[in-house]
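The values are calculated or read from the model by the stated rules, or taken from the named source; none is laboratory data. As the structure is a computational prediction, the values presented were derived from the model and not from experiment. Here Cβ is always computed from backbone atoms with ideal geometry, including for glycine, and neighbour counts include all displayed protein chains. Accessible surface areas use protein heavy atoms only, side chains included; no ligands, DNA or RNA. Shrake-Rupley method; radii C 1.70, N 1.55, O 1.52, S 1.80 Å.
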Amino acid sequence: MPNSELKKQLADQEAAYRLLSACYYQPDPQWNQAGLISNLTLLCTGISTQLATAARTMCEAWSGSDMDELTVEYARLFVGPMSLQAPPYGSVYLEHDRRVMGESTQAVLQFYRESGLVMDAEFTEMPDHIAVELEFVSYCLQKAASSDDQAEVSLWLDRAVNFRERFLGHWSDRFCEALRANSDSPFYQALADVTELVIATTLPTQDE
């Protein structure tokens with residue numbers, strides 16, 4: 001049976017990925033009521049000192065941001081209608097012609113299917129959107145954290161690590177670089193730092 005320390009670590013990391021995923025949807029005043037940014041900051045503080053510093057910067061930037069300005073910046077970076085300043089799709093960084101819905105996207109979809117998941121027909125984002133991939137890692141960690149069977153814990157943790165190595169971690173650094181380079185928003189610059197560190201400093205590596 002997994003020890004309680006491991007289960008808590010997995011639960012905390014699951015929540016960090018889940019809340020981080022939510023940050024890549026359109027900014028909403030209800031984030032304050034839900035404690036989205038403050039709770040994410042608290043979780044990051046327990047993961048590493050460097051991540052704690054980045055998360056506090058993000059939290060302060062969120063508190064000092066104008067919601068209308070954030071909404072405009074969100075659209076400029078991730079939605080359009082002009083060319084996206086920080087495309088949030090893995091295929092843009094993994095396909096040689098930077099096209100969306102390429103072979104890498106199909107491989108992500110297949111990975112989801114093999115994990116027992118299908119995309120909701122009413123969901124409008126692509127399977128390799130940064131928010132979706134972060135949420136998938138969260139799902140794997142939730143399955144691991146909620147099990148008392150060591151084999152099942154290992155299966156879901158290995159699945160999360162494999163997904164990070166094959167997909168999310170293979171392009172997220174370039175996405176974060178684009179986000180920092182193309183946004184003047186302190187919040188989105190700090191969010192890029194937090195995203196990069198969460199992906200880099202959580203989960204074991206494949207050879208551990």
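Annotations for the structure displayed:
- Per residue, the solvent-accessible area of region 1-140 (1.4 Å probe, heavy atoms of protein chains only, all protein chains present) comes to 53 Å².
- Sites Ser154 and Arg56, calculated FRET efficiency, Cβ-Cβ separation with R0 35 Å, nearest 0.05: 0.55
- Nearest-0.05 FRET efficiency for Arg99 and Asp120, computed from C-beta distance (R0 30 Å): 0.80
- Local electrostatic count at Lys8 - Lys and Arg +1, Asp and Glu -1, tallied over other residues with Cβ under 15 Å: -3
- Length-normalised contact order of the chain in % [C-alpha pairs under 8 Å, at least 6 apart]: 30
- In a reduced charge model with +1 at each Lys and Arg Cβ and -1 at each Asp and Glu Cβ, region 4-162 shows a dipole moment near 240 debye about its Cα centre.
- Contact order relative to length of region 132-208, as percent, for alpha carbon pairs under 8 angstrom and 6 or more apart: 28
- Stokes-Einstein translational diffusion, region 116-188 - Kirkwood Rh over all Cα pairs, 1.306 mPa s, 10 °C, in µm²/s: 113
- A helix-only calculation puts the chain at -20000 deg cm²/dmol for mean residue ellipticity at 222 nm, using -39500 (n - 2.57) for each DSSP H run of at least four residues, averaged over all residues.
- Accessible surface of region 1-80, 1.4 Å probe: 51 percent of it comes from carbon and sulfur atoms.
- Peptides 110-119, 46-55 ranked from most to least packed, by the mean per-residue count of other Cβ atoms within 10 Å: 46-55, 110-119.
- From the alpha carbon centroid of region 11-43 to that of region 60-93 is 17 Å.
- Separation of region 186-201 and region 136-167, taken as the distance between their Cα centroids, equals 22 angstrom.
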